[in-house]
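Accompanying notes for the structure given below.
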Amino acid sequence: MPGLTQKDLEILRHYAGKDNRELYWNYLAQLPDSDGYGLLALGVVRNDNAPGQVANAHAQAFARRNGVELDERGWEQFGIDLMKRDFAMRQFHFKDDPTRALNLKGEDVKDVHDDSFRNANIDPDAWTPRRLMDMAEDKGGPPAMEHVWSNMLDNRRLGLDRAWFTSAEVWKHTDLRSLDSVKASVEYMGDMTVARMAATQNLANTDPDTIGIRDFHYRYDRNRNAWSEVQELHDPGSYPHTVTRTVTDPDRLRQLSDTRELRLEREEKRQQFHPDDPYREIARSPQTLAGNEQPSHHEIERLAMRPASGGQTAPAQFSDPSHPDHALHLNVRQALYSQLPDGAVVSEDRLAQFTLAAKEARIRPDEMLDVRFNESSATLQGHHPAHGARVDLAAPPPTAQDSARQAAELDQQRQEQAQQRQLAAQQQTQAGPALSLGG
C-alpha cells in the first residue's frame, strides 16, 4: 500500500531539523505516488517558476496589508516554520494512515498554512488557494474543498488545466444573489491577477549574485567585491538598454550582503543529503506558460563576452512597435490569449518563443492561427497546411532578447539564401545561350 514509511519519516525529520527546506520538499516530490505538492512547494522555495512566484507575490502583498515587512531572511524563517508544521502533520497521521501522511488532505495543508501565517501575524488568506477552498467548502462541503485542492496539484499541460479550473471554480462557488459573495470573488480574482502580473518580473532566489526583479535588480561582482544597481529600460520606439550604477549606500549594502549570505547558505544546504536519501538529483520545478527563467549572473557574463554580430546594436524585442516582426508578435499574442482563461498571463519570454516559432514556420502576420496545447508542448498552425510549428514548453523559454536575436539571424540567412538563388538563376540564364551555340 502506498504511503510514507518509517525510513521516509526519519529522512524528513532530519531535513526539517536541519532547516533544509529544499531537500525536505525534494524528497517528498520524488517519492513514489506523491501527489505533486512537494514539486509545487519547491517552486515556492526557489521562486523559480510561475506558481511559486505567484504564491510568493500574493503572500508578500497580504503581509504588507497587515503591516508586516519581511526581508528574504524573514520569509526563509517563515518557510522553515511551515516545513516543520508540515512534518508534524505528517507525523501525526503516520501511525493510523501512512497514505494520508504521504499525501496530506487539503484540510491538513490549509491548517498548516493557517498556523504559519498566523504565527507571522499575517492573514491566512495570504495562501493563494485558501479563499477558493473556503468558497468550495461553504457551498459543497469538505468534498468540494478537497476537489479544489486536488486540481491545484495538477501540473499537466503547463498548468493550463489548473488555470482554467481555478477561474471556473471561483464562479461556480459564487452566490450570484449575494453582493458580498460576488464582491469576495471579484477581489480574489483581482488579487490573483495582480500577483500573476508581479510574478512576471520575479527572479529565482537561487543566484546569490543577482537580487531583485527583472527590470530592477542588484548584481554582485566577485572580482571587484562590489554591488551594482541594474535597471533595464524598455522605452517605446528604441532598443532596450541597461543603466548600471555602483551601490554605495551602507544600509543597502548590508541588506544585499545578508541576502547573498543567505543564498550561499542555501546553496551549501542543497548538497547536504541524508545518507539514505537516494534522490541526489534535485527535482526541477514544473514550468508553465507564465514562466520566466532569468539566466544567472554567470550566464549573463558569458553571453556578454560573445562577439557582437556585425557590430550592430542588439535587435529590439518583438513587443517593441519598431520591430519588423511586431505585427506577427501581436497575431501570436492574440491567438494564445484566445485559448487561455481570463486572468492568465503569458510571459514575454514565452510569447517571444512562440513568435520565433511562427516566423520559422513562415506564418504571416495576417494569417489565422490555431494554437493547441499538449502535455509539454504546443502546436501553431497557420491557414496554409505547410505553416505549422511545434513549441517545446517542457524547458524554460529563451529570453525575449535571445528570440529576437535568433529572428534577426533567420532574416539574414533567408536573405543570403535568396541572393544565392537569384545568383544561380542569373548564371543559368547566362549559360543557356552558350550551351545552345555549342550544340
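Of the peptides 197-204, 249-256, 216-223, the order by per-residue mean of other Cβ atoms within 10 Å, starting with the highest, comes out as 197-204, 216-223, 249-256.
For the range 326-416, what is the relative contact order in percent, using Cα pairs closer than 8 Å and at least 6 residues apart in sequence?
29 percent
Ranked by how many other Cβ atoms sit within 10 Å of their own Cβ, fewest first, the residues Trp25, Trp149, Trp75, Trp171 fall in the order Trp171, Trp75, Trp149, Trp25.
Taking the Cβ of Ile282 as the centre, find all other residues whose Cβ is under 15 Å away and add up their charges (Lys, Arg: +1; Asp, Glu: -1). Intermediate values should be presented prior to the final figure.
Details: positive: Arg21, Arg46, Arg266, Lys269, Arg270, Arg280, Arg284; negative: Glu22, Asp48, Glu267, Glu268, Asp277, Glu281.
Here the charged neighbours net out to +1.
Computed about the Cα centre, the dipole magnitude for the range 51-104 is approximately 160 debye when only Lys and Arg (+1) and Asp and Glu (-1) carry charge, each at its Cβ. For the chain, the longest principal axis of the Cα atoms and the long axis of helix 348-360 meet at an angle of about 30 degrees. For the chain, the share of alpha carbon pairs falling in successive 20 Å distance bins from zero is 22, 50, 23, 4, 1 percent. For the pair the range 332-411 / the range 249-279, the C-alpha centres are spaced 37 Å from each other.
Cβ under 15 Å from Ala144's Cβ, Ala144 left aside: what net charge do those residues give with Lys, Arg +1 and Asp, Glu -1?
With Lys, Arg at +1 and Asp, Glu at -1, the net is -1.
Relative contact order of the range 203-276, taken over Cα pairs closer than 8 Å and 6 or more residues apart, is 24 percent. Under a cut-off of 21 Å between alpha-carbon atoms, report the lysines in cross-link reach of Lys84, not counting same-chain residues fewer than 8 places apart. Straight-distance partners of Lys84: Lys7, Lys18, Lys95, Lys105, Lys110, Lys269.
Taking GluC sites (Glu not before Pro) as exposed when DSSP calls them loop (any state but H, G, I, E, B) and at most 15 other Cβ atoms lie within 10 Å, what is the longest stretch of the chain free of them, the sites themselves excluded?
Here the longest segment lacking exposed loop sites spans 70-280.
The range 75-90 and the range 1-74 have Cα centres spaced 8 Å apart.
Working from Cα pairs under 8 Å separated by at least six residues, relative contact order for the chain is 15 percent.
For the range 47-61, putting each phi into the Karplus relation 6.51 cos²θ - 1.76 cosθ + 1.60 with θ = phi - 60° gives couplings of 6, 10, 8, 4, x, x, 5, 5, 4, 5, 5, 5, 5, 5, 5 Hz, in residue order, rounded to whole numbers and with x for Gly and Pro.
Sequentially through the range 139-149, phi angles give Karplus couplings (6.51, -1.76, 1.60; θ = phi - 60°) of 9, x, x, x, x, 5, 5, 5, 5, 4, 4 Hz, Gly and Pro residues having no value and appearing as x. The local environment of Asn66, defined by Cβ-Cβ distances under 15 Å, has a net charge of -1 under the rule Lys, Arg +1 and Asp, Glu -1.
Just so you know, all these numbers are worked out from the coordinates, no wet-lab data involved. This one's a predicted model, so the numbers in the text were calculated from it and none came from an experiment. Backbone-built Cβ (ideal geometry, glycine too); neighbour counts: all protein chains shown.
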